[in-house]
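Read the structure below first, then the notes.
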Amino acid sequence: MPVYNEKAFVKKAISAVLKANIGKINKEVIVVDDGSKDGTTAILKSIKSKKVKIIFQKRNQGKGAAIRIGLKEISGDFVVIQDADLEYNPKEFPLLLQPILDKKADVVFGSRFLGDRPHRVLNFWHMVGNSFLTLLSNMFTNINLTDMETGYKMFTRKVADKLFLKENRFGMEPEFTAKVSRMNCRIYEVGISYSGRNYDQGKKINWKDGVHALWCILKYNLS
């Protein structure tokens with residue numbers, strides 16, 4: 001769970017992950033506080049749970065960097081990236097996990113554009129940009145994702161051990177996609193709900209990240 005300035009949500013997010021029903025599978029929550037400055041750090045320091053491991057970064061480096069650090073600490077068989085803002089609902093872990101448990105998938109993308117689950121309606125141009133980046137990524141990887149930029153990605157420990165992510169910010173999404181595609185992973189996609197935020201509520205990704213994502217698609221698919 002990468003965290004940056006999420007004092008209003010982080011405790012709820014951790015609690016939601018711990019409460020998520022995934023049967024008899026044990027959970028561990030690895031939280032990487034990416035140099036928060038809004039009081040998030042103090043909240044995290046107050047959490048006392050053997051199931052929660054918290055790593056504190058002295059300075060903000062970005063979501064990709066936080067995930068890269070967190071992946072070094074995993075000990076379980078399955079990994080899911082959970083944002084701390086609760087735009088994605090941990091109750092839907094079983095949806096992502098099932099194709100892996102069925103031994104059909106190595107990687108599962110949670111798509112905001114599949115299925116009939118509820119979605120908050122906002123940010124038309126984000127949707128257009130997302131669709132364009134997904135299309136371009138698909139052209140290079142030759143896979144047919146509907147939501148390459150989704151923040152919900154679940155994968156096996158075997159995949160995690162072979163991932164060597166380099167991007168520090170949101171460029172890790174197209175980088176991840178290019179690399180698991182090149183690894184010939186079995187990739188599934190399932191529909192998920194989405195409780196999106198606007199910028200007044202703390203949304204952090206911006207148009208510059210979209211431009212960089214375009215560069216990352218070219219970089220990691222052509223190199």
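The values are calculated or read from the model by the stated rules, or taken from the named source; none is laboratory data. For clarity, every value in this text was computed on a predicted model and none was experimentally measured. Virtual Cβ from ideal backbone geometry, glycine too; neighbours counted across all protein chains shown.
Things to note:
- Every residue from segment 157-178 that is within 12 Å of the chain's Cα centre (by Cα), aromatic (Phe, Trp, Tyr) and modelled with pLDDT under 95: PHE170
- Any hit, segment 99-119, residues being surrounded by 14 or more Cβ atoms within 10 Å (Cβ to Cβ), touching a Lys or Arg at 6+ places or on another chain (Cβ under 7 Å), of a type outside the set (Phe, Trp, Tyr) and over 27 Å from ASN168 (Cβ atoms): yes
- Segment 1-45: number of residues that are in a loop (DSSP other than H, G, I, E, B), in contact with a Lys or Arg (Cβ under 8 Å, 6 or more places away or on another chain) and surrounded by 13 or more Cβ atoms within 10 Å (Cβ to Cβ): 9
- Identity of the residue in segment 179-206, at pLDDT 95 or above and among the charged types (D, E, K, R), that ends up surrounded by the fewest Cβ atoms within 10 Å (Cβ to Cβ): ARG182
- Residue satisfying condition, being farther than 24 Å from ASN26 by Cα, of a type in the set (A, V, I, L, M) and over 16 Å from the mean Cα position of the chain (by Cα), within set LEU136, LEU101, LEU145: LEU136
- So MET154, is it outside any loop (DSSP other than H, G, I, E, B) and without any contact (Cβ under 8 Å) to a residue 24 or more places away in the chain: no
- Complete set of residues in segment 45-60 that are under 20 Å from the mean Cα position of the chain (by Cα) and not charged (D, E, K, R): VAL52, ILE54, ILE55, PHE56, GLN57, ASN60
- Answer residue from segment 61-98, given it is in contact with a strand residue (DSSP E or B) (Cβ under 8 Å, 6 or more places away or on another chain) and among the charged types (D, E, K, R) and is surrounded by the most Cβ atoms within 10 Å (Cβ to Cβ) among those: LYS63
- Of all residues in segment 160-176, those being touching a residue at least 60 places away in the same chain (Cβ under 8 Å), buried (at least 22 other Cβ atoms within 10 Å of the Cβ) and touching a strand residue (DSSP E or B) at 6+ places or on another chain (Cβ under 9 Å) number 0.
- For segment 120-141, the set of residues classified as surrounded by fewer than 17 Cβ atoms within 10 Å (Cβ to Cβ), of a type in the set (Ser, Thr, Tyr) and modelled with pLDDT of 95 or more is empty.
- Within segment 89-112, restricting attention to residues that are in contact (Cβ under 8 Å) with a residue 60 or more places away in the chain and part of a loop (DSSP other than H, G, I, E, B), the residue that is nearest to PHE9 (Cα to Cα) is ASN89.
- Residue in segment 54-67 that is without any contact (Cβ under 8 Å) to a residue 40 or more places away in the chain, hydrophobic (A, V, I, L, M, F, W, C), part of a loop (DSSP other than H, G, I, E, B) and closer than 23 Å to ILE22 by Cβ present: no
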